[in-house]
1. From Ile25, Ile46, which residue is free of Cβ contacts under 8 Å to residues at least 40 places away in the same chain, among the β-branched types (Val, Ile, Thr), surrounded by 14 or more Cβ atoms within 10 Å (Cβ to Cβ) and more than 22 Å from Leu204 (Cβ to Cβ)?
2. Restricting to segment 13-37, what's the tally of residues that are within 20 Å of Asn152 (Cα to Cα) and touching a helix residue (DSSP H, G or I) at 6+ places or on another chain (Cβ under 8 Å)?
3. Among the residues that make up segment 1-17, is at least one of them of a type in the set (A, V, I, L, M), assigned to a loop (DSSP other than H, G, I, E, B) and in contact (Cβ under 8 Å) with a residue 60 or more places away in the chain?
4. Taking the options Ile135, Ile140, name whichever one is in a strand (DSSP E or B), within 22 Å of Pro202 (Cα to Cα), away from the ligand (no atom under 16 Å from the Cβ) and among the hydrophobic types (A, V, I, L, M, F, W, C).
5. Can you name every residue in segment 49-82 that is part of a loop (DSSP other than H, G, I, E, B) and either more than 16 Å from the ligand (Cβ to nearest atom) or basic (Lys, Arg) (or both)?
6. Give the residue, chosen from Phe172, Phe106, that is within 16 Å of the ligand (Cβ to nearest atom) and either assigned to a strand (DSSP E or B) or β-branched (Val, Ile, Thr) (or both).
7. Here are the criteria: (1) under 27 Å from His153 (Cα atoms); (2) more than 14 Å from the ligand (Cβ to nearest atom); (3) in contact with a strand residue (DSSP E or B) (Cβ under 6 Å, 6 or more places away or on another chain); (4) not in a helix (DSSP H, G or I). Tell me which single one Ile46 does not satisfy.
8. Taking Leu193 as meeting all but one of (1) away from the ligand (no atom under 16 Å from the Cβ); (2) in contact (Cβ under 8 Å) with a residue 60 or more places away in the chain, write down the number of the exception.
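Where a number appears in this text, it was derived from the coordinates with a stated rule and is not lab data. Owing to the predicted nature of the structure, the values given are computational and were not obtained by experimental measurement. Methodologically, a virtual Cβ is constructed for each residue, glycine included, from the backbone with ideal geometry; neighbour enumeration extends over all protein chains shown.
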Amino acid sequence: MERKTIRIGHLFPELLNMYGDKGNILALKNRLVWRGIDAEVVTFGIEDEIDFSTLDIVLLGGGADREQEMVCKQLMSMKQALSNYIEDGGVMLALCGSYPMLGKTFQLQNETVSGLGILEIETEKTEKRHIGDCIVQTDITGSELLLVGFENHGGKTRIGELKPLGTVRHGFGNNGEDGSCGVIYKNLIGTYLHGPLLPKNPALTDYLLSCALKRKYGEDIALMPLADRAEEEAHDYIVKRFIKE
Ligand code: GLN
């Protein structure tokens, strides 16, 4: 049988690397390798040229305002290629600082700046930063599940008519007002959750991997269940701490 390979593009980790975002890459890679699927991680620096057509998953991590500004400028120069990748069903995870950048406008310090405009979302400054553990209920994998993560952002995002990643059960999410968290558009997920997000939420990681495999190989590829004891303990610890039922 032909060996399958997934190519993961990690964009600008020297600038976007908050709250262990590299752990997301390790979770994606290891969960493939543990199932006998090859994983190739390609790290891109800010000056590197990126051919999105060679990638199956793209990860953009969180970053401070200064780094966001540099990254956004650079992404502007490849906006069309990135948009084509997303429209074509390319899998992408944009975390925290990278998430508002995909929208029409966002704010840096006290200045409103143009984002990539790939998503119809808008971000403005919060009065007080939104910081803390966040728990989100989602059905994107086909069954109801809780995602856990950590948020620390000074932006509140409105996603208009777009579908949220899920509903906030604890914490702030997109804006602390409408109960939505993140956004899902085709195979792109944007969210303020990190900490890192994927190791603690294996079901979400597997969802992204399944989407990437389906896009690349044109069929549903069953992912063998893994012994997720440590992952489940980390996940459940946060759920039990904040949700009493
Ligand atoms: N720089 C952004 C903010 O402070 C995002 C920070 C982050 O990625 N956690 O809101």
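1. Unique residue meeting the criteria: Ile46.
2. Final tally of qualifying residues: 5.
3. Looking through segment 1-17, at least one residue is of a type in the set (A, V, I, L, M), assigned to a loop (DSSP other than H, G, I, E, B) and in contact (Cβ under 8 Å) with a residue 60 or more places away in the chain.
4. Of the residues listed, the single one that is in a strand (DSSP E or B), within 22 Å of Pro202 (Cα to Cα), away from the ligand (no atom under 16 Å from the Cβ) and among the hydrophobic types (A, V, I, L, M, F, W, C) is Ile135.
5. Glu49, Ile50, Asp51, Leu55, Asp56, Ser77, Met78
6. Answer to the check: Phe106.
7. (3)
8. For Leu193, the exception is condition (1).
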